[in-house]
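Participant: Handing you a structure now.
Any read-out appearing in this document is the output of simple, stated calculations on the displayed coordinates, not a laboratory observation. Keep in mind that what you see is a predicted model, and the values were worked out from it rather than measured. A quick note on method: Cβ atoms are made from the backbone with ideal geometry, for glycine too, and the neighbour counts reach across all protein chains shown.
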Amino acid sequence: MNAGSGIGPSGAARPRLAPHVRLSFDARRARWVVIAPERLLLPDETAVEVLRRCNGDASLDDITADLARAFDADRDEIARDVGALLRDLGDKGIIVA
């Protein structure tokens, strides 16, 4: 488990946005944005799909399975990609588990 992010290899982790972070649709930009103190992130469509599922209720396994079903994609590939994204966002303080 990465101490900085709280997101580790466990599929039981329940990722959520950090308390000071919001995922919001910016009508002016016509796109989703992640708003954090002194930061504005512009996630791509794939990252938005992951972030929208990071509600603190769904486990990493749940999120992976849901994305694999929604996009008819290989679960193992989704798990690797989602894990890498969440570790990166965890290191930046955007996601916690």
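Participant: Only helices at least 18 Å long along their axis, Cα-based, and averaging -0.5 or more on Kyte-Doolittle count here, so list those DSSP H runs from the chain. Write down the numbers at each step before the final one.
Facilitator: Working: long enough: 75-91 (24 Å, -0.48).
Sorted by number, the helices that extend far enough and score high enough are 75-91.
Participant: Kindly provide the helix-only [θ] at 222 nm of the chain, computed as the sum of -39,500 (n - 2.57) over DSSP H runs of four or more divided by all residues, to the nearest 500 deg cm²/dmol?
Facilitator: Values: 3 runs with 37 residues, N = 97.
That calculation yields -12000 deg cm²/dmol at 222 nm.
Participant: A follow-up question, please. Please check: in the Gaussian network model of the chain (C-alpha springs, under 10 Å), which one of ALA84, ALA70, ALA47 has the largest mean-square fluctuation.
Facilitator: ALA70
Participant: May I ask you to derive the relative contact order of the chain, considering only C-alpha pairs under 8 Å and at least 6 residues apart, and to give it as an integer percent?
Facilitator: Numbers: 139 pairs, mean separation 40.1, N = 97.
It comes to 41 percent, rounded to a whole number.
Participant: How large is the dipole of the chain about the Cα centre if only Lys and Arg carry +1 and Asp and Glu carry -1, each at its Cβ, rounded to the nearest 20 debye? Before the final figure, lay out each step's value.
Facilitator: Working: 14 positive and 16 negative charges, 100 e Å.
Result for the chain is approximately 480 debye, rounded to the nearest 20.
Participant: Under a Cβ-Cβ cut-off of 14 Å, what is the net charge of the residues other than LEU40 that fall near it, where Lys and Arg count +1 and Asp and Glu count -1? List each step's numbers first, then the result.
Facilitator: Values: positive: ARG22, ARG28, ARG29, ARG31, ARG39, LYS92; negative: ASP26, GLU38.
Residues near LEU40 contribute +4 overall.
Participant: Next question. If Rh is defined by the Kirkwood formula over all Cα pairs and Rg also comes from Cα, what ratio Rg/Rh do you get for the chain?
Facilitator: Working: Rg = 12.9 Å, Rh = 13.5 Å.
Result: Rg/Rh = 0.96.
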